[in-house]
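The values are calculated or read from the model by the stated rules, or taken from the named source; none is laboratory data. On a predicted model such as this, the values are computed, not experimentally measured, just so you know. Cβ sites come from the backbone with ideal geometry, for glycine too, and all protein chains shown count toward neighbours.
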There are 2 protein chains.
Amino acid sequence: METRITELKRRLAEVEDLKAASHLLTWDQATYMPPGGAAARARQVATLGAVVHERATDAGLGRLLDDLSAHTDALAPVDADLVRVARHDFERAVRVPDAYVRRFSAHVAHTYENWGKARDTADFAAVAPDVARTVDLSREYAAFFEGFAHPADALIDVEDPGVTVARLVPLFAALRKELVPLVQAITRRPAADDGFLTGDFPRRRQLSFGRKVVERFGYDFTCGREDLTRHPFTIAFGIGDVRITTRVRPEDPRDALFSTWHEAGHGLYEQGFDPALDGTPLAAGASSGLHESQSRLWENQVGRSRLFWEHFFPAFRKAFPVALERVDAEAVYRAVNKVVPSLIRTDADEVTYNLHVMLRFDLELALLDGRLQVADLPDAWNARMETDLGVVPRTDADGVLQDVHWYFGHVGGQFQGYALGNLYAAQLFAAARAHRPEIDEQMQRGRFGALRGWLRDHVWNHGRRRSAEAIVTAATGAPPSPGPFLDYLREKYGALYGLTG
Amino acid sequence: METRITELKRRLAEVEDLKAASHLLTWDQATYMPPGGAAARARQVATLGAVVHERATDAGLGRLLDDLSAHTDALAPVDADLVRVARHDFERAVRVPDAYVRRFSAHVAHTYENWGKARDTADFAAVAPDVARTVDLSREYAAFFEGFAHPADALIDVEDPGVTVARLVPLFAALRKELVPLVQAITRRPAADDGFLTGDFPRRRQLSFGRKVVERFGYDFTCGREDLTRHPFTIAFGIGDVRITTRVRPEDPRDALFSTWHEAGHGLYEQGFDPALDGTPLAAGASSGLHESQSRLWENQVGRSRLFWEHFFPAFRKAFPVALERVDAEAVYRAVNKVVPSLIRTDADEVTYNLHVMLRFDLELALLDGRLQVADLPDAWNARMETDLGVVPRTDADGVLQDVHWYFGHVGGQFQGYALGNLYAAQLFAAARAHRPEIDEQMQRGRFGALRGWLRDHVWNHGRRRSAEAIVTAATGAPPSPGPFLDYLREKYGALYGLTG
């Protein structure tokens, strides 16, 4: 048994190493690769993806997992978890043929390059044939699996195991029912003044201030780094090398700051896994939703809180003395919580954000069902923007071309995690404050030790040893629900906008 | 036959893709990787190295090559070359067991990390056990091959195919016999004044000036980039993505400038392969010596020429107006050609440089022969420095720890290419000027089209289709010899130092 678990770990470490190399190809493609490298990189990503898949589906690995699964009682608990998770991954992976993996990674590498150009020229038509093929490939992928009621379920299950369309559709309908009137109530009130956040904000100072804050959060730059990219993301090559990315607009610091804090939340989660899990498939987030809850918690519950700005305002003003000459911490707090129906998901405030996400989720379902054709996607996008948010993009660059997801992965399963993340974040943050009352007082001093410690113990440490639902339930004493999120919004924005409940 | 050559290219492209991913792990380790990533990276490099080796030695590939080798008449000339080179690589690779490859790459990844620390603290003892193991592993590697007279021959053959200890020992003895008196004659004359090249040279301006020059050389930044590292190198992920690196000392611009021009020479070679060779093993340098000839040619024959500085001096002074206020182009030309016996190979002038190289070459032989123990390496190094150059490093950081080579690869076969490169560079440059008389006049205007065109046609295009010796012979009309190099030195330095021949 001892020998077999060692052999399993060796094989799994090999797969993790190859995945890390593959992640590095991706990271480099999105940060430093010169344009001339694109064609070869597409081929390299496809080749390495195929090799990963080949190793991850090796028959010997399958036999080893079958063997070990029959004797999990004899294993240490963490090893039993490893066998269970690895076997789940194996059983998923063997259903996907090598040739599909190769075709799909070559396809998305090309699509990603084309998307960059299409977005620059606001030309959705240029990338539409790629997206149509992505939809076909996504359906093809879903068809490799049995027992799912909807094609999207097979895709959702990759990111948020156990979550289904049947469960999300009513959940999202209920959320939307609460959010739309809340947005309307807020937009009837005078808007917060955020004019002073547009002006001259030197790039280096934005980066430097953003990084000082995430160092305070506890993000460890000796085990990570931050680089510039088009669409910020976090990527890890092991627990000791977890990298974040951002983008900077010199005329508005919000893009760089909140994306840095958001990605650092993802980064803290990945840096916070139990070190004993490194090099195994347990050193990963429990689900897309739980991962997103960590980024949203640090971005919003922390970075958009009054306590945060009471502490960090002096440093913020010191970085940008001209732009911020005439304002105070409270003005910044109000400005960064301005609620306004807008075009770009990643710029959206906490109240309207989930409306952007649910729009995408519903369009994914429609594309997979065949109810919507790719050529009609921009119109469908714009119509739903009009209905839900009352605003319509002037060009597709601010519409259907804004997110990387459909140009770098499957259509389907890509967005529900953002909404689940918001719900989990509010629920976890409320529980953390209830369990560790010193969190507020620390935050007011720019300290986050208590919050970080609680998250490490209750969320980060576990990696994939438990499901997202089990982690949230154990941490908060209740299964995931939208209640804490809606309470959080009503309390915060009720006070900010003088609403009467 | 058509099907088999297509299948061969598919298999070889796969190996090239995996090598590119492996190169990216290395590039990242030497440029951007945070310290926390080191342990996992060592494992990743080893895993990917093993996968590359496994694919490169696949029995099916061997059968395909045997098949095709029997019918090269039926192939296009370039495909016949591909079969020949790929078969040579295959036959070498199958002699090296998978387990060795895995052990060796894990070992050098660790050694590389330890070397960084040992160099910072000038503590050779800290890395000596690693080097001793490297020597053992190098001997073990050599023993996989038959038919070589000396263990170093097996290692030299990897880098400079066909070159042997038996040929290099007399060649280097003859070179040394000419160089030592030349250095002595020069050092009896007054030294050039290079004091104005020490001072305040802002980092960004050094990088910017260095890059402007390499753009003029023809290095294409849309198919490459330059990053900072500890020990500059060039690395390619395909003909469309060839990256150079440099390091900057704010008190002296020579390190950054000449390393940038040197690496750009390597880069021009790799960017200049026939595009039809991309993704095949023919898209590589013909030998270490020929690769080095391209870097040295642009660094020295171009970058240390009077014509070069006559053109670029105004831009150089504009970048550093304070430091260069009182000097002219001629003063810079003399300063960058100051001959002084010094400690660091990469800083050495053209005249003393080969003495540094031959020192290392001889120490490699002695270590492999067992005539020298690793513990005695610093003393042996220092004694030879005393004998040949009359200077001795104060600490091993400026001695045996200065070069990356023995800490990132085999001991043996690593240095002869530098000396061969100097010989080839002088021979090729003389031939280019003889064939294309407009080269001088263009250089004086900061233009390099004629030189670039000649090198592309006679050297770069071929990739590995011909041997280095064949390329030099065809390009210059004579087999490689030290004559043109010694003529170049005598003419240039005779004039600079007023020597009478």
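List of remarks:
- Only one entry of B:P181, B:P190 meets the criterion of being part of a loop (DSSP other than H, G, I, E, B), free of Cβ contacts under 8 Å to residues at least 24 places away in the same chain and either hydrophobic (A, V, I, L, M, F, W, C) or away from chain A (no Cβ under 14 Å) (or both), and that entry is B:P190.
- Residue within the range B:165-177 that is charged (D, E, K, R), within 14 Å of chain A (Cβ to nearest Cβ) and surrounded by fewer than 19 Cβ atoms within 10 Å (Cβ to Cβ) present: no
- Selection status of A:L18, surrounded by 20 or more Cβ atoms within 10 Å (Cβ to Cβ) and either under 26 Å from the mean Cα position of the chain (by Cα) or part of a loop (DSSP other than H, G, I, E, B) (or both): yes
- For the range B:193-228, the set of residues classified as farther than 30 Å from A:D28 by Cα and either touching a residue at least 12 places away in the same chain (Cβ under 8 Å) or in contact with a Ser or Thr (Cβ under 7 Å, 6 or more places away or on another chain) (or both) consists of B:D193, B:D194, B:F196, B:L197, B:T198, B:G199, B:D200, B:F201, listed by residue number.
- Among the residues making up the range A:222-274, those that are among the small types (G, A, S) and more than 15 Å from A:A20 (Cα to Cα) are A:A256, A:S259, A:A264, A:G265, A:G267, A:G272.
- Matching option when the condition is under 25 Å from B:L25 (Cβ atoms), touching a residue at least 12 places away in the same chain (Cβ under 8 Å), more than 14 Å from chain B (Cβ to nearest Cβ) and crowded, with 24+ Cβ neighbours inside 10 Å, among A:H266, A:H262: A:H266
- Condition check for A:A128: under 24 Å from the mean Cα position of the chain (by Cα), of a type in the set (G, A, S) and surrounded by 16 or more Cβ atoms within 10 Å (Cβ to Cβ): no
- Among the residues of the range B:14-44, the ones that are more than 7 Å from chain A (Cβ to nearest Cβ), over 18 Å from A:A38 (Cβ atoms) and in contact with a Lys or Arg (Cβ under 8 Å, 6 or more places away or on another chain) come to 3 in all.
- Residue check, A:L367 buried (at least 20 other Cβ atoms within 10 Å of the Cβ) and touching a Lys or Arg at 6+ places or on another chain (Cβ under 7 Å): no
- Residue that is of a type in the set (V, I, T) and within 21 Å of B:R43 (Cα to Cα), where the choices are B:T164, B:T72, B:T134: B:T134
- Residues satisfying the stated conditions in the range B:193-213, i.e. part of a helix (DSSP H, G or I) and away from chain A (no Cβ under 14 Å): B:G195, B:F196, B:L197, B:R203, B:R205, B:Q206, B:L207, B:S208, B:F209, B:G210, B:K212, B:V213
- Meets criteria (farther than 30 Å from A:Y219 by Cα, modelled with pLDDT under 95 and more than 8 Å from every other protein chain (Cβ to nearest Cβ)) for B:E2: yes
- Test set (1) buried (at least 19 other Cβ atoms within 10 Å of the Cβ); (2) part of a loop (DSSP other than H, G, I, E, B) - A:A426 fails condition number: (2)
- Failed item, numbered, when B:Y219 is tested on (1) surrounded by fewer than 24 Cβ atoms within 10 Å (Cβ to Cβ); (2) in contact with a strand residue (DSSP E or B) (Cβ under 8 Å, 6 or more places away or on another chain); (3) in a loop (DSSP other than H, G, I, E, B): (1)
- In the range B:269-284, the residue that is farthest from B:V336 (Cα to Cα) out of those that are touching a residue at least 60 places away in the same chain (Cβ under 8 Å) and surrounded by 24 or more Cβ atoms within 10 Å (Cβ to Cβ) is B:F273.
- Exactly one residue out of B:F145, B:F172 is under 30 Å from B:Q44 (Cβ atoms) and either without any contact (Cβ under 8 Å) to a residue 60 or more places away in the chain or not aliphatic (A, V, I, L, M) (or both): that is B:F145.
Here's the yes/no breakdown for (1) under 25 Å from B:T26 (Cα atoms); (2) in contact with a helix residue (DSSP H, G or I) (Cβ under 6 Å, 6 or more places away or on another chain):
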| site | (1), (2) |
| --- | --- |
| B:D73 | no, no |
| B:R84 | no, no |
| B:E91 | no, no |
| B:D136 | yes, no |
| B:R139 | yes, yes |
| B:F148 | no, yes |
| B:D160 | yes, yes |
| B:L171 | no, no |
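- Test: B:D136 is buried (at least 21 other Cβ atoms within 10 Å of the Cβ) and of a type outside the set (V, I, T): no
- Inside the range B:45-87, residues that are part of a helix (DSSP H, G or I) and either touching a residue at least 24 places away in the same chain (Cβ under 8 Å) or within 14 Å of chain A (Cβ to nearest Cβ) (or both) make up a count of 27.
- Residues satisfying the stated conditions in the range A:109-139, i.e. basic (K, R) and in contact (Cβ under 8 Å) with a residue 60 or more places away in the chain: A:R119, A:R139
- Filtered residues of the range A:229-244 (kept if touching an Asp or Glu at 6+ places or on another chain (Cβ under 6 Å), within 12 Å of chain B (Cβ to nearest Cβ) and either free of Cβ contacts under 8 Å to residues at least 60 places away in the same chain or over 18 Å from B:R43 (Cβ atoms) (or both)): A:I239, A:V242, A:I244
- Evaluated against (1) in contact (Cβ under 8 Å) with a residue 24 or more places away in the chain; (2) in a helix (DSSP H, G or I); (3) charged (D, E, K, R), A:R465 falls short on exactly one condition, (2).
- Residue among A:T72, A:T47 that is within 25 Å of B:S22 (Cβ to Cβ) and of a type in the set (S, T, Y): A:T47
- Search result, residues across the range A:402-435 that are among the aliphatic types (A, V, I, L, M) and more than 15 Å from A:F361 (Cα to Cα): A:L423, A:A425, A:A426, A:L428, A:A430, A:A431, A:A432, A:A434
Yes or no, residue by residue, for (1) surrounded by 24 or more Cβ atoms within 10 Å (Cβ to Cβ); (2) in a helix (DSSP H, G or I); (3) under 21 Å from the mean Cα position of the chain (by Cα):
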residue: B:L420; (1), (2), (3): yes, yes, yes
residue: B:A450; (1), (2), (3): no, yes, no
residue: B:E469; (1), (2), (3): no, yes, yes
residue: B:T473; (1), (2), (3): no, yes, yes
residue: B:R490; (1), (2), (3): no, yes, no
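- Residue pairs meeting the criteria (Cβ under 7 Å; at least 6 apart or on separate chains; first within 23 Å of B:G498 (Cβ to Cβ), in the range B:312-340; second buried (at least 18 other Cβ atoms within 10 Å of the Cβ) and polar (S, T, N, Q)): B:V339/B:T352
- Note on the range A:4-15: residues that are out of contact with any Leu (no Cβ under 9 Å at 6 or more places or on another chain) and surrounded by fewer than 20 Cβ atoms within 10 Å (Cβ to Cβ) amount to 3.
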